1. Once you wrap a convex hull around the alpha carbon atoms of the chain, what is its projected area averaged over all directions, in nm²?
2. What nm value, rounded to one decimal, do you get for the distance between LYS7 and LYS32 when each label is placed 7 Å out toward the C-beta?
3. In the P(r) worked out for region 43-90, what percent of Cα pairs fall beyond 18 Å?
Amino acid sequence: MRLISKKNLESAIESYSDDAKAAITVWRKAIKDNDWESLEEIRQGYSKSVDQVCGYTIFNIKGNQYRLIVKINYTAKIIYFKNFLTHTEYDKIKWNDEDEVKHKIG
């Protein structure tokens, strides 16, 4: 898989702990080493805790402390970085309100 918006991801995690940055490094290696074709493949090969909400794929990072939010084009093998949030920030979003999600995530 190829990651789009690498610089945006790097900027987003800049202010977080070294542990969070290390966890993102592990995630980046996982996406580079895989060509997932579905959410189910991600769950089988990477983590069962990956979710999909309003068209976004949500990865738990560093256990349950952070959420990495992306959009995935499985056909093109491209992952688009959208946002990196703490668990608390993520919980404040009304995920059943598509307009709010688009406004806060992009």
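Please treat every number below as a calculation from the coordinates, not as lab data. Because the structure is predicted, anything quoted here is derived from the model rather than measured. Cβ atoms come from the backbone with ideal geometry, glycine included; neighbour counts cover every protein chain shown.
1. Over every viewing direction, the Cα hull of the chain projects on average to 6.2 nm².
2. Distance between the two pseudo-spin positions: 1.9 nm.
3. The calculated P(r) of region 43-90 puts 26 percent of pairs beyond 18 Å.
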